[in-house]
Amino acid sequence: MIEGVVNAAHEAVVTLHVQEPQGRTRAIEAVVDTGYSGFLTLPTELVTELGLPFAYMGQAFLANDAQVAFDVHYVTVLWDGQPRDIEADATGSTPLVGMLLLDNHDLSIQVRDGGRVVIQAKE
(Lines give C-alpha, C1' and ligand atoms only; values in the text may rest on other atoms or scores of the structure.)
Protein backbone atom coordinates (compact mmCIF):
# COMPACT_ATOMS: atom_id res chain seq x y z
CA MET A 1 0.00 0.00 0.00
CA ILE A 2 1.17 3.52 -0.82
CA GLU A 3 -0.11 6.34 1.34
CA GLY A 4 -0.03 10.08 0.92
CA VAL A 5 -1.88 13.25 1.78
CA VAL A 6 -3.94 15.94 0.09
CA ASN A 7 -2.10 19.25 0.30
CA ALA A 8 -3.51 22.78 0.72
CA ALA A 9 -3.77 23.11 -3.08
CA HIS A 10 -6.05 20.03 -3.10
CA GLU A 11 -3.42 17.86 -4.82
CA ALA A 12 -3.12 14.19 -3.89
CA VAL A 13 0.60 13.77 -3.11
CA VAL A 14 2.54 10.55 -2.52
CA THR A 15 6.22 9.92 -1.85
CA LEU A 16 7.93 7.68 -4.39
CA HIS A 17 11.46 6.30 -4.41
CA VAL A 18 13.19 6.44 -7.78
CA GLN A 19 16.39 4.56 -8.44
CA GLU A 20 19.49 5.99 -10.08
CA PRO A 21 21.25 3.67 -12.57
CA GLN A 22 23.92 3.08 -9.87
CA GLY A 23 21.24 1.66 -7.58
CA ARG A 24 20.88 4.53 -5.08
CA THR A 25 17.32 5.64 -4.40
CA ARG A 26 15.93 9.11 -3.99
CA ALA A 27 12.60 10.05 -2.44
CA ILE A 28 10.44 12.44 -4.45
CA GLU A 29 6.97 13.83 -3.94
CA ALA A 30 4.61 13.25 -6.86
CA VAL A 31 1.08 14.44 -7.54
CA VAL A 32 -1.48 11.80 -8.57
CA ASP A 33 -2.93 12.96 -11.91
CA THR A 34 -5.81 10.82 -13.19
CA GLY A 35 -5.89 12.96 -16.35
CA TYR A 36 -2.37 11.81 -17.30
CA SER A 37 -2.36 8.49 -19.15
CA GLY A 38 1.38 7.71 -18.87
CA PHE A 39 3.42 6.23 -16.02
CA LEU A 40 5.33 9.12 -14.49
CA THR A 41 6.57 12.60 -15.36
CA LEU A 42 9.80 13.95 -13.94
CA PRO A 43 11.31 17.42 -14.30
CA THR A 44 14.14 17.50 -16.83
CA GLU A 45 16.55 18.73 -14.15
CA LEU A 46 15.80 15.69 -11.98
CA VAL A 47 16.23 13.31 -14.93
CA THR A 48 19.67 14.85 -15.53
CA GLU A 49 20.62 14.67 -11.82
CA LEU A 50 19.61 11.00 -11.67
CA GLY A 51 21.41 10.18 -14.92
CA LEU A 52 18.43 8.28 -16.30
CA PRO A 53 18.99 6.56 -19.66
CA PHE A 54 17.22 8.01 -22.69
CA ALA A 55 14.54 5.78 -24.29
CA TYR A 56 12.95 7.80 -27.13
CA MET A 57 11.20 11.07 -28.04
CA GLY A 58 7.56 11.25 -27.02
CA GLN A 59 4.73 13.46 -28.22
CA ALA A 60 1.45 14.49 -26.64
CA PHE A 61 -1.47 16.80 -27.19
CA LEU A 62 -2.29 19.16 -24.33
CA ALA A 63 -5.78 20.19 -23.25
CA ASN A 64 -5.48 23.33 -25.44
CA ASP A 65 -4.71 21.10 -28.50
CA ALA A 66 -1.05 22.17 -28.57
CA GLN A 67 1.33 19.37 -29.51
CA VAL A 68 4.50 19.01 -27.45
CA ALA A 69 7.58 16.81 -27.79
CA PHE A 70 9.61 15.55 -24.82
CA ASP A 71 12.30 13.05 -23.93
CA VAL A 72 11.26 9.73 -22.41
CA HIS A 73 13.68 7.97 -20.04
CA TYR A 74 13.87 4.58 -18.35
CA VAL A 75 13.61 4.60 -14.56
CA THR A 76 13.08 2.11 -11.77
CA VAL A 77 10.58 3.18 -9.14
CA LEU A 78 9.88 1.37 -5.88
CA TRP A 79 6.15 0.83 -6.22
CA ASP A 80 4.41 -0.67 -3.23
CA GLY A 81 7.79 -1.89 -1.97
CA GLN A 82 8.77 -3.62 -5.23
CA PRO A 83 11.10 -2.34 -7.97
CA ARG A 84 9.19 -1.56 -11.15
CA ASP A 85 10.87 -0.59 -14.43
CA ILE A 86 8.87 2.09 -16.20
CA GLU A 87 9.21 5.01 -18.60
CA ALA A 88 9.21 8.59 -17.33
CA ASP A 89 8.33 11.59 -19.47
CA ALA A 90 10.79 14.44 -18.88
CA THR A 91 8.39 17.34 -18.74
CA GLY A 92 6.93 19.90 -16.37
CA SER A 93 8.16 21.03 -13.00
CA THR A 94 6.19 18.68 -10.73
CA PRO A 95 6.47 14.88 -10.83
CA LEU A 96 3.12 13.32 -11.75
CA VAL A 97 1.88 9.76 -11.18
CA GLY A 98 -0.24 8.71 -14.16
CA MET A 99 -2.84 6.08 -14.87
CA LEU A 100 -0.40 3.47 -16.25
CA LEU A 101 1.42 3.43 -12.91
CA LEU A 102 -1.94 3.14 -11.13
CA ASP A 103 -3.08 0.25 -13.36
CA ASN A 104 -4.45 -2.68 -11.33
CA HIS A 105 -4.61 -0.56 -8.17
CA ASP A 106 -7.42 1.09 -6.27
CA LEU A 107 -7.08 4.80 -5.52
CA SER A 108 -8.83 6.40 -2.57
CA ILE A 109 -8.63 10.14 -1.87
CA GLN A 110 -10.22 12.06 0.98
CA VAL A 111 -10.52 15.34 -0.88
CA ARG A 112 -9.80 17.95 1.78
CA ASP A 113 -6.66 19.65 3.09
CA GLY A 114 -4.79 16.95 5.00
CA GLY A 115 -6.99 14.17 3.60
CA ARG A 116 -5.64 10.66 3.20
CA VAL A 117 -4.47 9.24 -0.16
CA VAL A 118 -4.28 5.45 -0.48
CA ILE A 119 -3.07 3.44 -3.47
CA GLN A 120 -3.58 -0.29 -3.00
CA ALA A 121 -3.01 -3.24 -5.32
CA LYS A 122 -6.20 -5.02 -6.36
CA GLU A 123 -6.61 -8.40 -4.72
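Observations on the model:
Each row is one residue, and each column tells you yes or no for (1) charged (D, E, K, R); (2) within 12 Å of VAL18 (Cα to Cα).
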{"position": "VAL47", "(1), (2)": "no, yes"}
{"position": "ALA55", "(1), (2)": "no, no"}
{"position": "ALA66", "(1), (2)": "no, no"}
{"position": "PHE70", "(1), (2)": "no, no"}
{"position": "HIS73", "(1), (2)": "no, no"}
{"position": "VAL77", "(1), (2)": "no, yes"}
{"position": "ASP89", "(1), (2)": "yes, no"}
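- Inside the stretch 95-117, residues that are loosely packed, with under 15 Cβ neighbours inside 10 Å and in contact (Cβ under 8 Å) with a residue 60 or more places away in the chain make up a count of 7.
- Test: residue in the stretch 69-88 that is in contact (Cβ under 8 Å) with a residue 40 or more places away in the chain, out of contact with any Phe, Trp or Tyr (no Cβ under 9 Å at 6 or more places or on another chain) and over 19 Å from VAL117 (Cα atoms): yes
- If the condition is being in contact with a Gly (Cβ under 9 Å, 6 or more places away or on another chain) and surrounded by 10 or more Cβ atoms within 10 Å (Cβ to Cβ), then the stretch 50-67 contributes GLY58, ALA60.
- Hits in the stretch 77-99 (condition: in a strand (DSSP E or B) and closer than 21 Å to GLU3 by Cβ): VAL77, LEU78, TRP79, GLN82, PRO83, ARG84, ILE86, LEU96, VAL97
- Subset of the stretch 78-94 that is in contact with a helix residue (DSSP H, G or I) (Cβ under 8 Å, 6 or more places away or on another chain) and closer than 15 Å to VAL31 by Cβ - its residue that is surrounded by the most Cβ atoms within 10 Å (Cβ to Cβ): ALA88
- Some residue of the stretch 70-79 being over 12 Å from the mean Cα position of the chain (by Cα) and either under 27 Å from GLU123 (Cβ atoms) or modelled with pLDDT under 95 (or both): no
The values are calculated or read from the model by the stated rules, or taken from the named source; none is laboratory data. Just so it is clear, the model here is predicted, and its values are computed rather than measured. Neighbour counts run over all protein chains shown; Cβ positions are idealised from the backbone, glycine included.
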